[in-house]
Each structure stands twice: as C-alpha cells, then as structure tokens.
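As structure tokens, the structure follows; a few thoughts come after it.
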Amino acid sequence: MESLKRIPADLRDIDFLATGIVTDRRKAMLGRLAQLGFRTHSAYMVPRYLRDGLLARSHVNLSVNKFEGPHQIVSVMRICHSVVNRVPVIPESADESGPYARYCLATDAAHLIHDAAEFVRHANIDEFAEDMLAMFRRQDMRETIRELVSQI
C-alpha cells in the first residue's frame, strides 16, 4: 500500500538513501558514492513516517549488505515498499535472478557503486519506478499462493 507522496525529481535532495543498521561497510559504500558527487543519507531506527519522508526526498533506495561476504539476503519488504511507493531500489545481491530482482536494479557487490552511479546519472528514474510498479501490479499471485499452501 502506498504510504508516501514523492517529491518532484528536481526538488529531491537525496540521491541514495540507505536504511537499517549503519555498519562500517554501509558507511563505506555511501562514502564512495559521496566521493563521486552524489548526495547520500543513512537512517537507522527512525519511525515509519520519517523513513517515508526520507524516501519521498530520495531518488533511489539503496540496499547494501551489512557485512562483506556471500550474502543472499534480500529485503523483500524493502523492495515491495519501495516499488509500491515509486522509489527505485538497488539491492546488492549475488542472486540477480531472484523473484523480486525483476522489480529493481539488482547488482552484485563488485558492480554496486558503478551500476548505482550509472543509473542515477543516466536513467529516467521516475519512468523506471512507474514501469516497475506496473509490472509489480500485474503479477498473478494465485500460483504463488498455491505454492505457499503446498509447502505448508
């Protein structure tokens, strides 16, 4: 369910927002993007209304793994919340073919900074967000529900 109203692109003051625990690795990734001239922000333990306000001001929701290593954890809630609210999400994931990867720009650790920078520099962010939302809305949940019920 949509929970925020996007600020017009020319008024957004955050290029990359990262939410969640602020680890040294996440700080370093945001620092690398800041060195490239991007406006970054991280938020941890903020109420939903503040997080939504930050997302409304952001071009991209960046989902960086907490620590180095072959993590396969993808925050499904972060992706769904971002897509529904028309905020493109870039998750760091070695599994670029996962069920939610098609709704975002999934990229691995080695390419995260480059891919994120290129996306913000060259993509039509709002058009991408609308396309992802339209695709998300078209998914047929009947097969997903059948699969889940069969596993129970």
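Residue by residue through segment 41-67, note down the ones that are touching a helix residue (DSSP H, G or I) at 6+ places or on another chain (Cβ under 7 Å), surrounded by fewer than 19 Cβ atoms within 10 Å (Cβ to Cβ) and of a type outside the set (D, E, K, R).
If the condition is that a residue be touching a helix residue (DSSP H, G or I) at 6+ places or on another chain (Cβ under 7 Å), surrounded by fewer than 19 Cβ atoms within 10 Å (Cβ to Cβ) and of a type outside the set (D, E, K, R), then 41, 43, 67 are the ones that fit.
Of all residues in segment 112-144, how many are surrounded by fewer than 13 Cβ atoms within 10 Å (Cβ to Cβ), at pLDDT 85 or above and hydrophobic (A, V, I, L, M, F, W, C)?
So the count comes out to 2.
Results for (1) within 17 Å of the chain's Cα centre (by Cα); (2) not hydroxyl-bearing (Ser, Thr, Tyr), shown as yes or no for each residue.
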position	(1), (2)
4	yes, yes
16	yes, yes
23	no, no
29	yes, yes
47	no, yes
53	yes, yes
63	yes, no
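Any residue at all in segment 94-111 that's crowded, with 18+ Cβ neighbours inside 10 Å and part of a helix (DSSP H, G or I)?
Looking through segment 94-111, at least one residue is crowded, with 18+ Cβ neighbours inside 10 Å and part of a helix (DSSP H, G or I).
What about residue 87, is it closer than 20 Å to residue 12 by Cα, in contact with a helix residue (DSSP H, G or I) (Cβ under 7 Å, 6 or more places away or on another chain) and either modelled with pLDDT of 85 or more or among the polar types (S, T, N, Q) (or both)?
It is true that residue 87 is closer than 20 Å to residue 12 by Cα, in contact with a helix residue (DSSP H, G or I) (Cβ under 7 Å, 6 or more places away or on another chain) and either modelled with pLDDT of 85 or more or among the polar types (S, T, N, Q) (or both).
Mind listing whichever residues of segment 1-58 are assigned to a loop (DSSP other than H, G, I, E, B) and acidic (Asp, Glu)?
2, 13
Output the qualifying pairs, or none if there are none: Cβ atoms under 6 angstrom, residues six or more apart or on different chains, first residue in segment 102-117 and within 20 Å of residue 35 (Cα to Cα), second residue of a type in the set (Lys, Arg).
The qualifying pairs are 113/32.
Considering only segment 112-126, state which residues are hydrophobic (A, V, I, L, M, F, W, C) and part of a helix (DSSP H, G or I).
112, 113, 116, 117, 119, 120, 125
From the set of residues in segment 1-27 that are surrounded by 11 or more Cβ atoms within 10 Å (Cβ to Cβ) and among the small types (Gly, Ala, Ser), which is nearest to residue 114 (Cα to Cα)?
Restricting to residues being surrounded by 11 or more Cβ atoms within 10 Å (Cβ to Cβ) and among the small types (Gly, Ala, Ser), the top hit is 18.
The values are calculated or read from the model by the stated rules, or taken from the named source; none is laboratory data. All values derive from a computational prediction rather than experimental measurement. Note that each Cβ is placed from the backbone with ideal geometry, even for glycine, and that neighbours are counted across all protein chains shown.
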